[in-house]
Amino acid sequence: MPINRLNHAVLYVRDANRSAEFYTNKLGFRALPMAFPGGVFLQAEGSTNDHDLGLFSIGAAAADSPAGRSAVGLYHLAWEVDTLADLERLARVLSEAGALVGATDHGSTKALYGKDPDGIEFEISWLVPADRLGPDTSPTSRRLDLAAEIEKYGADTQGGVGVSRPKAGAPA
């Protein structure tokens, strides 16, 4: 039986309520009424999943994760948005919050990189639809020119169609 998708992620943070405020106010997650001592469960805006992100408080004295510097560990989580207009809006929100740390054109993926209040990195990406993939979308890592991508693909073009989600009329 193959794995189909990521169901949820859980993060240990200094203060789950502070982190939940960031994820709800900046990225549009919803806090769920699930009760768990020291924990907050969040659901992404377009999700019907039980929860997409669990946050658990471990206290203000917790050290930053050394993952990627002096230890193995998870680098980041990546969330997908529907349109480049969504990506553009989130670029503004994260920039205004001082949480935007990068914007990269990976060819078939247009990505923003941000950090939450505990410095945990995340990615927000828009995927080029399958019918628009070609030689100009081969793997790369260059600075994202979001205005140029919007001009090329359109602000409201649905991303990921035929890649991360089915084409219209195809079985889900």
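The values are calculated or read from the model by the stated rules, or taken from the named source; none is laboratory data. All of these numbers come straight from a predicted model, not from anything done at the bench. Counting neighbours? That spans all protein chains shown, and the Cβs are built from the backbone with ideal geometry, glycine included.
Could you tell me which residue of the range 117-142 is surrounded by the fewest Cβ atoms within 10 Å (Cβ to Cβ), considering only residues that are β-branched (Val, Ile, Thr) and closer than 17 Å to Ala78 by Cα? Out of the qualifying residues, it is Ile120.
Take the residues in the range 23-36 that are at pLDDT 90 or above and over 18 Å from the mean Cα position of the chain (by Cα); name whichever of them is nearest to Asp118 (Cα to Cα). Among residues in the range 23-36 that are at pLDDT 90 or above and over 18 Å from the mean Cα position of the chain (by Cα), the one nearest to Asp118 (Cα to Cα) is Leu32. Quick one: Thr48 ticks every box in (1) polar (S, T, N, Q); (2) more than 18 Å from the chain's Cα centre (by Cα); (3) at pLDDT below 95 except a single one, so which number is it? Unmet for Thr48, out of (1) polar (S, T, N, Q); (2) more than 18 Å from the chain's Cα centre (by Cα); (3) at pLDDT below 95: (2). One residue is enough: does the range 127-140 have a residue meeting the conditions under 25 Å from Ser47 (Cα atoms), touching a residue at least 24 places away in the same chain (Cβ under 8 Å) and of a type in the set (S, T, N, Q)? No: zero hits.
Does at least one position in the range 52-71 carry a residue that is among the acidic types (Asp, Glu) and over 25 Å from Leu127 (Cβ atoms)? Yes, because at least one residue in the range 52-71 is among the acidic types (Asp, Glu) and over 25 Å from Leu127 (Cβ atoms). Which ones in the range 143-172 are at pLDDT 95 or above, surrounded by fewer than 17 Cβ atoms within 10 Å (Cβ to Cβ) and more than 19 Å from the chain's Cα centre (by Cα)? Passing the criteria: Ala147, Ala148, Glu151, Lys152, Gly154.
Among the residues of the range 83-93, is any in contact (Cβ under 8 Å) with a residue 12 or more places away in the chain and under 16 Å from Leu11 (Cβ atoms)? No, the conditions are met nowhere in the range 83-93.
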